[in-house]
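S.K.: Can you read through this structure? Questions will come right after.
The values are calculated or read from the model by the stated rules, or taken from the named source; none is laboratory data. This is a predicted model, so every value here is computed, not measured. Glycine gets a Cβ as well: all are built from the backbone with ideal geometry, and neighbour counts include every protein chain shown. SASA here: full protein model, heavy atoms, side chains in, ligands and nucleic acids out. Shrake-Rupley method; radii C 1.70, N 1.55, O 1.52, S 1.80 Å.
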Amino acid sequence: MAKLTMPFHQVLLLLFFIFSCLFFVTIQSRHHYGHSEQEQFHIVSHVSLPPSLAPEAAVAGPSYSVFNVLDFGAVGDRVTDDTQAFKLAWDTACQIKSAVLLVPDGYSFMLQSTIFSGPCKTVGLVFRIDGTIMPPDGPDSWPRNISKRQWLVFYRINGMSMQGAGLVDGKGENWWNLPCKPHKGVNGTTMPGPCDSPVAIRFFMSSNLTIKGLKIKNSPQFHFRFDACHGVRVESLTIKAPAQSPNTDGIHIENTNNVQIYNSIISNGDDCISIGAGCYDVDINNITCGPSHGISIGSLGINKSRACVSNISVSDSVIQHSNNGIRIKTWQGGSGCVSKVEFSNIHMEAVRNPIIIDQYYCLTKNCSNQTSAVVINDISYSNIKGSFDVRSPPMSFACSDSIPCTNLKLTQVELLPAAKGRTVANPFCWNAYGTVLKQTIPPVYCLMEETNATIDNTLLCG
């Protein structure tokens with residue numbers, strides 16, 4: 001048999017050809033396997049499968065993961081109880097470094113009273129409400145074993161943002177009609193019966209919070225409440241409830257500091273913003289308030305309690321068709337102080353009691369006189385202009401018999417009667433000391449000179 005011989009260079013070329021063919025087949029095989037696996041994945045049906053305990057999050061940009069409550073079993077049909085789905089979504093998002101809990105547009109979710117607890121591992125958790133959330137419809141639908149004093153509570157949360165284009169509907173109508181509510185009795189009196197009503201959204205012992213862009217309406221009681229919080233920014237909210245809805249304060253803060261409330265529209269049946277005991281470093285700017293009971297500090301000193309409020313600024317705002325304008329209200333018998341408060345650049349439209357200090361605050365009109373009082377000192381009113389309802393004086397400084405109000409300062413205050421041709425009451429002062437830096441309209445002749453004021457400095461907060 002004859003030997004087959006090939007030159008060495010041809011052998012090399014043959015080996016190279018064989019190797020190239022094998023490599024190409026391998027690559028094609030791998031590509032074909034991957035494609036088949038992908039096709040197999042896509043044909044799996046998930047229509048009837050329940051959500052897993054922790055669905056994988058969609059990625060929202062380079063750093064945030066989205067946890068949609070629908071993926072956790074929420075239905076959003078206004079009837080189904082979606083509380084557990086929201087809690088599961090919260091508990092999952094709370095463990096992720098950067099997360100968005102999404103309440104999607106186009107759905108209405110019914111939630112029972114619940115607490116969203118921290119602390120979370122999330123840095124900058126976003127609770128985004130684009131749909132609608134609501135509680136059970138009135139006290140008869142509220143579970144008997146659940147507190148009727150609160151609906152949604154956020155506890156020990158740091159660095160959370162609540163925002164979105166959605167709606168929080170408090171469905172408060174049936175709560176307002178309880179027989180115990182003030183407007184149900186004769187001449188504003190109350191009637192016997194259960195009276196607890198839930199605050200819509202409450203933050204407790206939390207910090208570095210941002211609430212932005214939401215619409216909230218018809219809370220059974222306060223719409224937002226912040227207790228023992230630090231670092232709160234509220235911006236671009238719309239809060240709405242009927243003028244006769246009782247105790248529906250828009251935003252209430254208590255024992256809370258470093259607060260900014262900006263660029264919001266509030267109309268309701270009580271204070272647009274109320275500032276309770278233990279608050280300081282509060283800046284309120286560009287608020288459209290009313291109809292309402294105005295913007296208030298207090299009430300303070302109830303049941304002989306001690307209350308300190310300081311470093312408060314309210315500016316560049318409008319108060320319209322309200323029972324009060326800018327108000328400080330305290331109970332007799334309390335202690336502590338209100339100091340370093342500035343009201344500036346505020347426009348009044350047909351407001352009853354545009355400027356008022358009331359140290360005889362009493363809901364029953366049968367409160368007995370007391371010898372102690374919350375001290376009111378260093379209060380400034382600047383560029384307060386507009387019209388007032390002539391049923392009450394344009395300015396009233398009703399200070400305690402035993403402890404005067406001191407260092408009141410008025411400049412560029414111009415308040416004219418909303419109804420022409422009516423008898424107008426003069427500004428009222430009682431035990432009030434201060435200075436009119438620029439003549440007011442109407443003139444305030446009743447303030448006493450500061451040189452005659454005496455106050456025990458030990459009564460001041462510090």
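S.K.: Determine, yes or no, whether Asn323 is among the polar types (S, T, N, Q) and not in a loop (DSSP other than H, G, I, E, B).
M.R.: no
S.K.: Is it the case that Gln412 is more than 19 Å from Asp271 (Cβ to Cβ) and outside any loop (DSSP other than H, G, I, E, B)?
M.R.: Considered against the rule, which asks whether it is more than 19 Å from Asp271 (Cβ to Cβ) and outside any loop (DSSP other than H, G, I, E, B), Gln412 comes out as yes.
S.K.: In segment 166-177, is there at least one residue being within 19 Å of Val66 (Cα to Cα) and modelled with pLDDT of 95 or more?
M.R.: Checking segment 166-177: at least one residue is within 19 Å of Val66 (Cα to Cα) and modelled with pLDDT of 95 or more.
S.K.: Right, something else. Quick one: in segment 410-447, which of the residues that are among the basic types (Lys, Arg) and over 37 Å from the mean Cα position of the chain (by Cα) is least open to solvent (accessible area, probe 1.4 Å)?
M.R.: Going through the qualifying residues, I end up with Arg422.
S.K.: Run down Ala74, Ala89, Ala85, Ala99 and say which single residue is over 24 Å from Pro198 (Cβ atoms), at pLDDT 95 or above and open to solvent by less than 30 Å² (accessible area, probe 1.4 Å).
M.R.: Checking each option against the conditions leaves just Ala99.
S.K.: Checking Asn431 against (1) at negative phi; (2) at pLDDT 90 or above; (3) not acidic (Asp, Glu), which test does it fail?
M.R.: For Asn431, the exception is condition (1).
S.K.: Which one of these is open to solvent by less than 40 Å² (accessible area, probe 1.4 Å) and more than 25 Å from Ala165 (Cβ to Cβ): Pro104, Pro139, Pro135, Pro119?
M.R.: Unique residue meeting the criteria: Pro139.
S.K.: Could you list, in sequence order, all residues of segment 381-391 that are surrounded by fewer than 18 Cβ atoms within 10 Å (Cβ to Cβ) and touching a strand residue (DSSP E or B) at 6+ places or on another chain (Cβ under 8 Å)?
M.R.: Ser382, Asn383, Lys385
S.K.: Also, quick follow-up: Can you tell me which residue within segment 291-319, out of those that are open to solvent by 10 Å² or more (accessible area, probe 1.4 Å) and touching a residue at least 40 places away in the same chain (Cβ under 8 Å), is nearest to Ser236 (Cα to Cα)? Walk me through how you get there before you give the answer.
M.R.: Initially, segment 291-319 is screened for residues open to solvent by 10 Å² or more (accessible area, probe 1.4 Å), giving 291, 293, 299, 302-306, 308, 310-311, 313, 315-316, 318.
After this cut, where a residue has to be touching a residue at least 40 places away in the same chain (Cβ under 8 Å) as well, the list is 291, 299, 304, 308, 310.
Numbers: Pro291: 18, Ser299: 26, Lys304: 37, Cys308: 28, Ser310: 25 Å.
For segment 291-319, the residue satisfying everything is Pro291.
S.K.: Could you tell me which residue of segment 387-436 is farthest from Asn369 (Cα to Cα), considering only residues that are of a type in the set (A, V, I, L, M) and in contact (Cβ under 8 Å) with a residue 60 or more places away in the chain?
M.R.: Only one residue fits best here, namely Ala418.
S.K.: State the number of residues belonging to segment 236-267 that are within 15 Å of Leu214 (Cβ to Cβ), open to solvent by less than 20 Å² (accessible area, probe 1.4 Å), free of Cβ contacts under 8 Å to residues at least 60 places away in the same chain and part of a loop (DSSP other than H, G, I, E, B).
M.R.: 2
S.K.: Right, another one. Take segment 107-138 and flag every residue that is touching a Ser or Thr at 6+ places or on another chain (Cβ under 8 Å) and small (Gly, Ala, Ser).
M.R.: Listed by number, the residues that qualify are Ser108, Ser113, Gly118, Gly124, Gly131.
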